[in-house]
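Working notes, structure below.
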Amino acid sequence: MTECVFCKIVSGEIPSEGVYKDELVTAFRDINPAAPTHILIVPNKHIAAVSELSEEDEQLMGHLFTVAQKLAVKEGISQSGYRLIINNGPDANQVVFHLHLHLLGGQKMRYPMG
Ligand code: 5GP
Ligand code: ZN
């Protein structure tokens, strides 16, 4: 998976503004933020998309969300609110094929975006 940009961010090969890391996930600021807070939370292991998940990933996916919840508190957006997005495939405009959870907040958002 050497061609995957998020694998390279997880390994440190490509620099990023990291905000959290543990044995399962890595979180860093989006290079092109769509809101005042825009953090990407990714599994450390390469999973291309939600459509590639297997049952053994259930704990990992739950962990992505509890990390997002804690980062929202740390960012000061827990009370004001935030949006969690996972894009899957072409119609959702998934650009990077390493599963990632977007944590967006710090402004009032319309629905749907884009
Ligand atoms: P997607 O549309 O695949 O859900 O979103 C991919 C996101 O990754 C985009 O918001 C884009 O700005 C972000 N991104 C792409 N390449 C990089 C990178 O090299 N570093 C960081 N920090 N974010 C990236
Ligand atoms: Zn990857």
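The values are calculated or read from the model by the stated rules, or taken from the named source; none is laboratory data. Source: prediction; values computed, not measured. To get the accessible areas, we keep the full protein, side chains included, count just its heavy atoms, and leave off ligands, DNA and RNA. Shrake-Rupley method; radii C 1.70, N 1.55, O 1.52, S 1.80 Å.
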Area projected by the alpha carbon convex hull of the chain, averaged over all directions, nm²
7.2
In cubic angstrom, how much convex hull volume per residue do the alpha carbon atoms of the stretch 54-101 span?
94
CD proxy at 222 nm, helix term only [per DSSP H run n ≥ 4: -39500 (n - 2.57); per residue of the chain; nearest 500]
-7000 deg cm²/dmol
Considering only ASN87, ASN44, ASN32, give the residue with the highest GNM mean-square fluctuation for the chain, with springs between Cα atoms whenever their separation is below 10 Å.
ASN32
So the carbon and sulfur contribution to the accessible area of the chain, 1.4 Å probe, in percent, is 53
For the chain, accessible area per residue (1.4 Å probe, heavy atoms of protein chains only), Å²:
62
If each residue of separation counts as 0.36 nm, what is the full-extension length gain between GLU56 and ILE31 once their alpha-carbon separation is subtracted?
6.0 nm
Sequence neighbours fewer than 8 away in the same chain don't count; with that in mind, list the lysines whose C-alpha is under 18 Å from LYS21.
LYS8, LYS45, LYS70, LYS74
